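The values are calculated or read from the model by the stated rules, or taken from the named source; none is laboratory data. Source: prediction; values computed, not measured. Don't worry about glycine lacking a Cβ; one is built from the backbone with ideal geometry, like all the others, and counts go over all protein chains shown. These accessible areas exclude ligands, DNA and RNA; they are computed on the full protein's heavy atoms, side chains included. Shrake-Rupley method; radii C 1.70, N 1.55, O 1.52, S 1.80 Å.
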Amino acid sequence: MSHVSHLECSVCGQRREAGVVQTLCDCGGPLLVRYDIEKAKASWNRDSLAKAPPSMWRYAPLLPVKDPKHIVSLGEGLTPMIKADRLAARVGVNDLWVKDEGVNPTGSFKARGMSCAISMCVELGLSKVAVASAGNAGSALAAYGAASGIEAHIFVPRDVPRSNYTECRAYGAHVTLVDGLISDCGRIISERKQAEGWFDISGLKEPYRIEGKKTMGYEIAEQFGWTLPGAILYPTGGGVGLIGMWKAFDELEKLGWVSSQRPKMIAVQTTGCQPVVRAFERGDAKTTYWDGAHTVAAGLRVPKPLGDALTLSAVRESGGTAIAVSDEELLDASVELASATGIFAAPEGGACLAALNKLLASGFLKPDERIVLYNTGTGLKYLEAFSTRFPQSNRSEQDKLGGLITPR
């Protein structure tokens, strides 16, 4: 099933044993899963995917779960890659695609990471987990906790989108609303986890959520016939998805499935919370805490991502960049994306289109490049954010249409 070899610290390189409960390295660095690629190559090839399941678990040989009975799946992954010709014509490019993660279980890409992480919790015998979330990770944990029988404790900011709170409660999770940001939620878990017996499944505090998210990179390669695009614009809060894709491209090259050519990885943030952009522009290896973080794109309101060094490294190694857009720009872009493609994107997805417009105007991206925009979730989970664009007035539809409608 799995060709997992060991765990390795992303900072100091220390080797850790796989198959036992692990969190961060002693140095504080996130742990990454490593595989015996040569062994995988002997028994797994691209042609075998024709008979693989239509989910992210089609890549199981390079995922960490050893016993397939432990997999907790709701059908996550293998999301559509949609050619956006009408949108491309509007923005002035020739080859534009949208990877729509909003069709995943619980409506976001977070399902990928939680499927893998909760499957590993089942394999390792863990029964109580906790997560600090801006919203969608909490929804995903609640769902996979319900599917597995694992007790889920979710800590979210008090102003979390209503859809996330409702989902978590419906799935039976324990939800705590916190006066603060995701960083404050994480602090509370750190203070209480030992006494409560929680395993902290927050982003990069365990090694397995990134493994689920890396399958986005595998899918991009497979959906484009094993030739990677020229640029990927990715909405970056914690940055785990971007880090995971970069890891996937390296694994794919070692398998011999793709060449050494890499996409420009572009981290997209908002002007109200842009720690990665600031660090990138300064030439820093890590971020510093972003004071007063605010944005309607809840998933981008991460003032100090744990994986900041890995994100910045991937962006720089790829020849990419980091860019911030305003809330006004990303909401306008979300509406433009919806009207031109039929994809009702989350504000985070809209941020990528707004960033694309800026990067084309600056000349950083060229019209003839193959460009992929990531929509990480459905806009249906952010109706409060879109209310500023489509307010419900007190005028009746009869008034609006000049009296053409007769009330029943």
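Going through (1) within 29 Å of Gly113 (Cα to Cα); (2) of a type in the set (Asp, Glu); (3) at pLDDT 95 or above; (4) surrounded by fewer than 18 Cβ atoms within 10 Å (Cβ to Cβ) one by one, Glu384 falls short only on (3).
Restricting attention to region 96-142, the residues that are basic (Lys, Arg), within 17 Å of Ile201 (Cα to Cα) and touching a Phe, Trp or Tyr at 6+ places or on another chain (Cβ under 8 Å) total 1. Filtered by the rule that a residue be among the hydrophobic types (A, V, I, L, M, F, W, C), open to solvent by less than 10 Å² (accessible area, probe 1.4 Å), touching a residue at least 40 places away in the same chain (Cβ under 8 Å) and part of a helix (DSSP H, G or I), region 219-242 gives Ile220, Leu242. Glu211 meets all of the listed conditions (1) assigned to a helix (DSSP H, G or I); (2) over 18 Å from Ala117 (Cα atoms); (3) among the acidic types (Asp, Glu) but one, namely (2). Just give me the residues in region 243-277 being acidic (Asp, Glu) and open to solvent by 40 Å² or more (accessible area, probe 1.4 Å), in sequence order. Matches in region 243-277: Asp250, Glu253. For region 305-355, a tally of residues being farther than 19 Å from Ile182 by Cβ, open to solvent by 20 Å² or more (accessible area, probe 1.4 Å), touching a Ser or Thr at 6+ places or on another chain (Cβ under 7 Å) and part of a helix (DSSP H, G or I) returns 0.
Every listed requirement among (1) open to solvent by less than 20 Å² (accessible area, probe 1.4 Å); (2) under 18 Å from Glu123 (Cβ atoms); (3) of a type in the set (Val, Ile, Thr); (4) touching an Asp or Glu at 6+ places or on another chain (Cβ under 7 Å) is met by Thr79 save one, (2). Would you confirm, using the coordinates I've provided, whether Glu123 is touching a residue at least 12 places away in the same chain (Cβ under 8 Å), in contact with a Pro (Cβ under 8 Å, 6 or more places away or on another chain) and under 26 Å from Leu32 (Cβ atoms)? No, not satisfied.
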